[in-house]
1. Please give the per residue accessible area of the chain, computed with a probe of 1.4 Å over protein heavy atoms only, in Å².
2. Which Cα, out of Ile74, Asn129, Thr307, lies furthest along the positive dipole direction of the chain (beta carbon charges, K/R +1, D/E -1)?
3. Let's see if you can work this out: charge +1 on each Lys and Arg Cβ, -1 on each Asp and Glu Cβ, no other charges. What is the dipole magnitude of segment 146-244 about its Cα centre, in debye to the nearest 20?
4. Set the Förster distance to 30 Å, then compute FRET efficiency between Leu218 and Tyr197 from the Cβ-Cβ distance, nearest 0.05.
5. About the Cα centre of the chain, how large is the charge dipole given +1 on each Lys and Arg Cβ and -1 on each Asp and Glu Cβ? Please answer in debye to the nearest 20.
6. Can you give the longest run of the chain that contains no trypsin sites (Lys or Arg not before Pro) sitting in a DSSP loop with at most 11 other Cβ atoms inside 10 Å?
7. Please name which of Thr159, Gln204, Ser30 has its Cα lying farthest along the dipole of the chain towards the positive end, using unit charges on Cβ (Lys, Arg +1; Asp, Glu -1) and the Cα centre as origin.
8. Cross-link candidates for Lys104: which lysines have Cα within less than 17 Å, leaving aside residues fewer than 8 places away along the same chain?
Amino acid sequence: MKTKMTEAIEKQINLAIEQMLNSKNIYIVSHVQPDGDNLGSILSLGQALKSKNLDVFMLKSDEIPNDFMFLPGIEYMMDYDGLGYVDVLIVLDSGDENRIGKNKEILGKANLVINIDHHISNTYFGDINIVDKDASSTGELVFEIIKSMGIEISKEIGTCLYTAISSDTGSFMYDNTSARTHEIAAELLKSNIDKSYININLYQNRSLERTKLFITALNSLELYYNDKVAIVAITQELLEKSNATMEDTEGIVSFLREISPVEVAIILKEFHGENIKVSMRSKKYVDVAKISSYFSGGGHVRAAGFTVNSTVGKIKASLLEQLKDYI
Ligand code: AMP
Ligand code: MN
Ligand code: MN
């Protein structure tokens, strides 16, 4: 159980702080399909650095889901114009360079790349790498950085950090939640955040369209290997029928894992042009990061994913074949 950072990580944090404080400008970039940990980390770090009068830009690599429009500072998220000089580039919550999608080109332009992440599959692509697979979330690492800089946790920063950590720990329930996670959460609660406002926005805000999609999707639930594997496929046809968007599939895969006999929950999302995004969650013993890496994806032991050019039927068959050895 994680209680504190290792000395090696603390050293990387100090190096990063020195570089940030002496930077000409700082760009912080999101990953594709940004989640609560990613956006909460960007906005807390970005606003903390701005409070030090640094020249900070926060870049989106994809559309921002409506779910996170409540985050203070979300209006800072912008597109890179392709021209701006980049001194320090900070990549958050991304296991490898491809996770930042269209903004990958900035990696070659930047004078210095700082990689801050908690994925077991991280490739250490930065000049400075603050990578801790034992951290519950990138938000947890950003908290340590902000504290080390002596920056006060404002209500805005606290709201973003709490969102980041709560998102990636399933509201402090998943295995990655440590004693340190709770200590940080306690400190954030003392920073005068509105916990109820955050929780309602994150967990009690499901739209009617999303609820209807949930019901339709669950009707197509398939179970394999003595009900240990649950699979749901979301096709474009299903989305149209439910008047929903792919964004509305959020939460389905964790719901599947909650079914008693289920060890591995899988959602297959069919985007246009045979582009299938797969999300996997496990409960007790299956390492889904390992399975995802077989398909050139990545993630964590209990939550991982990958994207392939295939059909729902084909990918389902090869997943079931892979799972045979794990289940
Ligand atoms: P998701 O299922 O999209 O919520 O992602 C679960 C975890 O797997 C996250 O921590 C992601 O960073 C990781 N992940 C998802 N898709 C990919 C991918 N294509 N490549 C690497 N990691 C991924
Ligand atoms: Mn993420
Ligand atoms: Mn994360």
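1. Details: 14970 Å² over 327 residues.
Per residue, the chain has 46 Å² of solvent-accessible surface.
2. Thr307
3. Details: 10 positive and 12 negative charges, 38 e Å.
Charge dipole, segment 146-244, about its Cα centre: 180 debye, nearest 20.
4. Values: r = 29 Å, r/R0 = 0.98.
Efficiency for this residue pair is about 0.55.
5. 520 debye
6. Numbers: sites that count: Lys24, Lys284, Lys324.
Here the longest segment lacking exposed loop sites spans 25-283.
7. It is Gln204, whose Cα lies furthest towards the positive end.
8. Hits, sequence-local ones excluded: Lys60.
The values are calculated or read from the model by the stated rules, or taken from the named source; none is laboratory data. Worth saying up front: this structure is predicted, and the values here are computed from it rather than measured. All Cβ positions, even for glycine, are placed from backbone atoms using ideal geometry, and neighbour counts span all protein chains on display. What goes into the accessible areas is simple: the full protein's heavy atoms, side chains included, and nothing from ligands, DNA or RNA. Shrake-Rupley method; radii C 1.70, N 1.55, O 1.52, S 1.80 Å.
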